[in-house]
Amino acid sequence: MWGRGRGRERERENLKNLLYIYPQSLNFANRQGSARNITVKVQFMYGEDPSNAMPVIFGKSSCSEFSKEAYTAVVYHNRSPDFHEEIKVKLPATLTDHHHLLFTFYHVSCQQKQNTPLETPVGYTWIPMLQNGRLKTGQFCLPVSLEKPPQAYSVLSPEVPLPGMKWVDNHKGVFNVEVVAVSSIHTQDPYLDKFFALVNALDEHMFPVRIGDMRIMENNLENELKSSISALNSSQLEPVVRFLHLLLDKLILLVVRPPVIAGQIVNLGQASFEAMASIINRLHKNLEGNHDQHGRNSLLSSYIYYVFRLPNTYPNSPSPGPGGLGGSVHYATMARSAVRPASLNLNRSRSLSNSNPDISGTPTSPDDEVRSIIGSKGLDRSNSWVNTGGPKAVPWGSNPSPSAESTQAMDRSCNRMSSHTETSSFLQTLTGRLPTKKGKEDELEKLSLLLFHEELALQWVVCSGSVRESALQQAWFFFELMVKSMVHHLYFNDKLDAPRKSRFPERFMDDIAALVSTIASDIVSRFQKDTEMVERLNTSLAFFLNDLLSVMDRGFVFSLIKTCYKQVSSKLYSLPNPSVLVSLRLDFLRIVCSHEHYVTLNLPCSLLTPPASPSPSVSSATSQSSGFSTNVQDQKIANMFELSVPFRQQHYLAGLVLTELAVILDPDAEGLFGLHKKVINMVHNLLSSHDSDPRYSDPQTKARVAMLYLPLIGIIMETVPQLYDFTETHNQRGRPICIAPDDYESESGSMISQTVAMAIAGTSVPQLTRPGSFLLTSSSGRQHTTFSAESSRSLLICLLWVLKNADETVLQKWFTDLSVLQLNRLLDLLYLCVSCFEYKGKKVFERMNSLTFKKSKDMRAKLEEAILGSIGARQEMVRRSRGQLERSPSGSAFGSQENLRWRKDMTHWRQNTEKLDKSRAEIEHEALIDGNLATEANLIILDTLEIVVQTVSVTESKESILGGVLKVLLHSMACNQSAVYLQHCFATQRALVSKFPELLFEEETEQCADLCLRLLRHCSSSIGTIRSHASASLYLLMRQNFEIGNNFARVKMQVTMSLSSLVGTSQNFNEEFLRRSLKTILTYAEEDLELRETTFPDQVQDLVFNLHMILSDTVKMKEHQEDPEMLIDLMYRIAKGYQTSPDLRLTWLQNMAGKHSERSNHAEAAQCLVHSAALVAEYLSMLEDRKYLPVGCVTFQNISSNVLEESAVSDDVVSPDEEGICSGKYFTESGLVGLLEQAAASFSMAGMYEAVNEVYKVLIPIHEANRDAKKLSTIHGKLQEAFSKIVHQDGKRMFGTYFRVGFYGTKFGDLDEQEFVYKEPAITKLAEISHRLEGFYGERFGEDVVEVIKDSNPVDKCKLGPNKAYIQITYVEPYFDTYEMKDRITYFDKNYNLRRFMYCTPFTLDGRAHGDLHEQFKRKTILTTSHAFPYIKTRVNVTHKEEIILTPIEVAIEDMQKKTQELAFATHQDPADPKMLQMVLQGSVGTTVNQGPLEVAQVFLSEIPSDPKLFRHHNKLRLCFKDFTKRCEDALRKNKSLIGPDQKEYQRELERNYHRLKEALQPLINRKIPQLYKAVLPVTCHRDSFSRMSLRKMDL
């Protein structure tokens, strides 16, 4: 109790009494005679005789330990030498007036002559050691005598001119010497000396007292004593520190035993208290480095702990301290005055309770007493707490000021003395052991003394001004002194076993109450100004009340706590930002509640008495006798779970703690957000201490302790919307909220809101309207501030602790009272707990460890930056001011301190004890603890779920609750769990399904699907026990479903879907273990005697067979895990296999969408989702005829032409009405909307904003029909965004690059001779895809086996090696017929819904690829794919191939048309691009390339062809050239308008080249073929479009 935060080691004071002599200089310049080689002999004498030298001078290392004399070194030929010696002397303990230092000066001869001594004395001087009873030290300049000093010289100073003596230099000071004492006996301070001398004189009764030159007579003693006490403040700090313990002992003695001077009792209490306060404050300020973590000076705390004891407690020794002030008869023996000043109203009626001023009569038991103390008036705190002599209460005033207190108490300060008998033995209670009381009765001395604690309390109450301020600054010291005094008093008077009410007089209790009240008002009024001081004062007060709970009447102490609360409350109402004051109150409460008998003080409802305390305090025995309260029967269950008046009366401290929690966590509480962590930690620490306390290890006792915290469940239920969402890591949707946010407001009633006022400790609370009602605050109407993950976790741990230890029957009764809404809220909380305590694994701890290490390195770098000055003060200031704006109010009591650069009290050097890098063993240990916690938490959740099920199984509203229970259960199955937990979890799940089969198969169909998925996942577990449990659960699920309707179509469907989903998504899925589990299920079915005659075994067999098939496909998928195209093909094939089973097809389409999203193929993912939506729409249109819903796939064909494959028109399509068909969550209107929204998001990510518009065209009518303005507003916002992006990104959009890939060779298996069109990301080069495929297949088959065919010519299989794998890759472009180009205008149009692609291959008839113009042919290959791009796959099979062969003249026409188009584009480009235009012009008319167009014209237009079939081509080319020259002219004109003066010459050059080209082309262009311009003849023959020279070859 006394050693809080302090070391227990006893400080050993060494006795020191040393003198250091430093001879400095001598001036014999004016001395007659020979005195040059001078040395000084120093002796410590106790008399004048030369033999009186004392052997007290410390010898040098080679000499004896002590010697009688010491010499200085001889200074050669110097009449004024300087000395540098230090002479150390051990001072005798007792000095007299004859003790002195004798200095003898010698001349030392260098050459010894006969009859001449070696040393000749040349002078003498001395220093008397005592002067007026004080040690004489300091700097001296002494005269030197030429002769030996006369008799009795030692009592005089050498400065005194002795008659008949000769002195050097006319008695002037010629010898400088310094004397320094290091002594624990001599104070060397005049003020301390005077004080100790006066006190000693009082003790010895020796008058008059001589102090220095003063003689103090007895009649003057009182004034001198008072002035010496007040003058103590002027003394030097060093001697005060050295003699602190003695000084405090003497001051305390003066308080306790007022001396009798001249027959008058002198009350020195006030003077002594003032001196103590001043000295202690001075020590605190000047010895800052000497404080412990609570800011207490170690000198003072060691005084209280080891030294302080009440006077007269040593047997046969009246002395209270080392100085020896005894219990002399000269002290007053006088009782306290029986008459009290009327102003204090303290003459109480005898019928009042000693412990509580508000209660008339004596309560019969501790329970009644505490209950009546806390709530005798329904916690109406407006009543006063001090009564008059009658039963009627007179208000004391809600906020007593110190001045009021002091005036009321001033009258009694002179005549208050205690008359209590002290025993004569010494107490070491507080150091851990009690002294024995040998012969106590014999040695009992009936000495009347004032009791120190009573006087201290009185003086503190009545003091004012600077004294009061000093006392407040160091309140801890006086509080601890008072408590130790109280305990000593109880022990030595055998009162430890006395009833608490009679231990202390009422006057003392009044003083304590007044003191606490004024200190509380100080805290309240000064917390904004003197933050640090108020924080210390608050802590000291709390520790004081904590200590009082051990020694005083508990009811009285509770009333003090109530007083403090009342003071704070009245202030809180007027504060705009109460967080600082609430934080102080939290600290106060935390300290008070850390009492070892906290639980007993709360009177838990029980008959049992707790076992003995493991660390008994003085009060252990008596605190047990307060007992545990017994009236559990008459309490309503609701009152036990709410912060109701009965609860707070019965369990006072727990009520305060929980109320504090409720108020701070209340989302409406302004400005308290920063205190969340603090208040949660307080509750968490309390529960931790209960849990580890061996006194409460018995489950029944623990249940009683948990009962103190039952309202915690309700408080945490209130905070659900504010808790950190741990579920986000599991899925995107976050935690399931069982209750719609709008429903939260439907419940009326209040739990927290009405108690807010009470909690801030003010007026009484009206009785709550309905048991078990909570204010379920709306989560939609207000933006909640979310707690941090750490705070949420601590809060949930507290919840689980209470749920674990609370009495099951009590919980069950309470759950019965709760509404559906509240029970669902509780289930949400449990759902959150599952996610919060999920086992993360060792890897997470290792990752966290590396992050911490990184963080510490970052911090070090920042520190170096700050120290080396790279962050200037200005930047630092700006940064901090920004930080302040961003950060929420801090949890610190004084606002955010983390933005402060420097704080004096935080800069003491502290060794950094954090180990930055944890060892592997530590990480494994942490992981083990985390695993154990996860299992424990989940088992508690499971127990609670079972209680909930037992409670609601008999109620009408069980369906919604059971659905919530199942949701939590399934969520826990989905998380990482231990085998121990899973076994219990499966057992609970089986029980739930067998009890309520209709729950799964009729209401919670979605849950059924989830359950199947979870069970299948655990069927593939590597742990045998989990597999066997999961198999049993799955089998019983099928059986249950079959028993309901002789068919288990639903489970069959869900299991198949679940397996498909599991196979498609799970990475660590073990196929072998799952096959074993399926075999187990089959065995169950075969051996089930009850159902052997039914179709059940066959149906199970079919199902298992089907599952095996899916698994086989899975094996293939695993083989191709690294080949994304093949993997998607397999998934596509599986999905196609489920064409008749909509649910499963949907599952696989979603699996494919997931895979595409992983690889950032957003367009393909969007297509999968559109297909899914089309599939849902098909079946929805069969189920429900709603005009606003899409008719089926047809509605979606604007999005993609491929969607029609989802049409449900084949004969074997199942009806959606069948059991188990279309039962998934997507086959609903909201499911369809969800799929379309996801599709729109994916299209948006792919940059296909036009498709986003098409998707929303389907969505908008649905939302319009539902009048959902919010959704419509969102959609139109997104549409605006999409169209804006189309405008902004014009000319910058890129969708994909296409390649034809052919596979040749038996190595490829199914792929042999297959041709595909691959869609690759935009700007993929041919080399990239070639490298990727070559690398991938090279790794698979061997690099030497795979070969890439470099050209694009048709592949001849005969020429290929049989053991090689050939890949042919060609870049292809989308191909459109002329009629299509009218519709495909934008870049998007030309890159969406693509089915035809083209590539060109140049060749000559003799086999070469390239030749002269007249022999250059070109092959155009047009490929048609089975589906349009983008599709649900990135590669699509080529189903049709068409080749067009162009003759040389047709090749020339195509080239000229291309050139002309380039010119036209460059000319009409807006805005104009001069560089582009000049490049194209240069290529058309530049001198170097004139041969290009001109050569083409000369080759093909110089002569009219002989073959009439070529007439049209000839004419077409001629017209092309005509157009070409026209475009060149336009381009030149345009360029002229764009160029500057520097390019005029370049323009003229281009024009010259153009004119040359035009002249050369003129005759060729103007030559017409006459045959083409004949009159049109009637057609006589059948027109054959294939009879032209242009060869067409069809190839399928």
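The single condition among (1) open to solvent by 10 Å² or more (accessible area, probe 1.4 Å); (2) in contact with a His (Cβ under 7 Å, 6 or more places away or on another chain) that L549 does not satisfy is (1). When you scan the range 900-956, how many residues do you find that are of a type outside the set (D, E, K, R), within 30 Å of D817 (Cα to Cα) and at pLDDT below 80? Matching residues across the range 900-956 total 3. A single entry from E1454, E1443 fulfils the requirement of being modelled with pLDDT under 90 and open to solvent by 30 Å² or more (accessible area, probe 1.4 Å): E1454. Entry remark, the range 1154-1181: residues being of a type outside the set (D, E) and farther than 20 Å from A1322 by Cα number 14 in total. Given the condition polar (S, T, N, Q) and either open to solvent by 20 Å² or more (accessible area, probe 1.4 Å) or assigned to a loop (DSSP other than H, G, I, E, B) (or both), answer yes or no: does some residue in the range 1171-1180 qualify? Taking every residue of the range 1171-1180 in turn, none turns out to be polar (S, T, N, Q) and either open to solvent by 20 Å² or more (accessible area, probe 1.4 Å) or assigned to a loop (DSSP other than H, G, I, E, B) (or both). Consider the range 500-546 and keep the residues that are open to solvent by less than 10 Å² (accessible area, probe 1.4 Å) and of a type in the set (D, E, K, R). The one that is nearest to C463 (Cα to Cα) is D511. Restricting K1458, K1418, K1441 to residues that are in contact with a helix residue (DSSP H, G or I) (Cβ under 9 Å, 6 or more places away or on another chain) and either closer than 27 Å to G1291 by Cα or of a type outside the set (A, V, I, L, M, F, W, C) (or both) narrows the list to K1418. When you check D1129 against the structure, is it more than 21 Å from V1055 (Cβ to Cβ), outside any loop (DSSP other than H, G, I, E, B) and either of a type in the set (D, E, K, R) or open to solvent by 10 Å² or more (accessible area, probe 1.4 Å) (or both), yes or no? Answer is yes for this residue. Only a single criterion out of (1) surrounded by 13 or more Cβ atoms within 10 Å (Cβ to Cβ); (2) modelled with pLDDT of 90 or more is not satisfied by L130, namely (2).
With respect to the conditions (1) open to solvent by 50 Å² or more (accessible area, probe 1.4 Å); (2) within 19 Å of E1454 (Cβ to Cβ), C1520 lacks only one, and its number is (1). If only residues of the range 1-37 that are under 19 Å from N170 (Cα atoms) and of a type in the set (A, V, I, L, M) are counted, the one that is modelled with the highest pLDDT is L26. A count restricted to the range 1393-1417 and to residues that are part of a strand (DSSP E or B) and open to solvent by less than 40 Å² (accessible area, probe 1.4 Å) stands at 7.
Picking from residues in the range 1481-1495 that are in a helix (DSSP H, G or I) and open to solvent by 20 Å² or more (accessible area, probe 1.4 Å), the one that is nearest to N1535 (Cα to Cα) is Q1482.
The set of residues in the range 462-494 being of a type in the set (A, V, I, L, M) and open to solvent by 10 Å² or more (accessible area, probe 1.4 Å) consists of V467 alone.
Step by step: first the residues of the range 1341-1362, then only those that are open to solvent by 80 Å² or more (accessible area, probe 1.4 Å) and touching a residue at least 24 places away in the same chain (Cβ under 8 Å), then the one that is nearest to M1398 (Cα to Cα). Which residue is that? Of everything passing the filter in the range 1341-1362, K1357 is nearest to M1398 (Cα to Cα). The set of residues in the range 16-40 being buried (at least 17 other Cβ atoms within 10 Å of the Cβ), in a strand (DSSP E or B) and touching a Leu at 6+ places or on another chain (Cβ under 9 Å) consists of N17, L19, I21, I38, V40. All conditions but one from (1) within 44 Å of the chain's Cα centre (by Cα); (2) open to solvent by less than 20 Å² (accessible area, probe 1.4 Å) apply to I1023; the one that does not is (2). In the range 86-190, counting only strands (runs of 3 or more DSSP E) that sit wholly within it, the ones holding 1 or more residues that are in contact with a His (Cβ under 7 Å, 6 or more places away or on another chain) span 119-128, 138-143.
Against the conditions (1) over 25 Å from N805 (Cα atoms); (2) at pLDDT 75 or above, E747 satisfies every one except (2). The residue that is least open to solvent (accessible area, probe 1.4 Å), counting only those in the range 1371-1392 that are assigned to a loop (DSSP other than H, G, I, E, B) and within 14 Å of Y1298 (Cβ to Cβ), is Y1392.
Residues that are of a type in the set (A, V, I, L, M) and assigned to a helix (DSSP H, G or I) were ranked within the range 691-708; the one that is nearest to the chain's Cα centre (by Cα) is A706.
For the range 508-534, a residue qualifies if it is assigned to a helix (DSSP H, G or I) and farther than 18 Å from T563 by Cα, and the qualifying residues are T531, E532, M533. Exactly one of these conditions fails for I1504: (1) open to solvent by less than 50 Å² (accessible area, probe 1.4 Å); (2) not in a helix (DSSP H, G or I). Give me its number. Tallying (1) open to solvent by less than 50 Å² (accessible area, probe 1.4 Å); (2) not in a helix (DSSP H, G or I), I1504 fails exactly one: (1).
Here N78 does not fit the description of being among the polar types (S, T, N, Q), in contact (Cβ under 8 Å) with a residue 40 or more places away in the chain and within 30 Å of D193 (Cβ to Cβ).
The values are calculated or read from the model by the stated rules, or taken from the named source; none is laboratory data. None of these values were measured; they are calculated from a predicted model. Note that each Cβ is placed from the backbone with ideal geometry, even for glycine, and that neighbours are counted across all protein chains shown. Note: areas computed on protein heavy atoms with side chains; ligands, DNA, RNA excluded. Shrake-Rupley method; radii C 1.70, N 1.55, O 1.52, S 1.80 Å.
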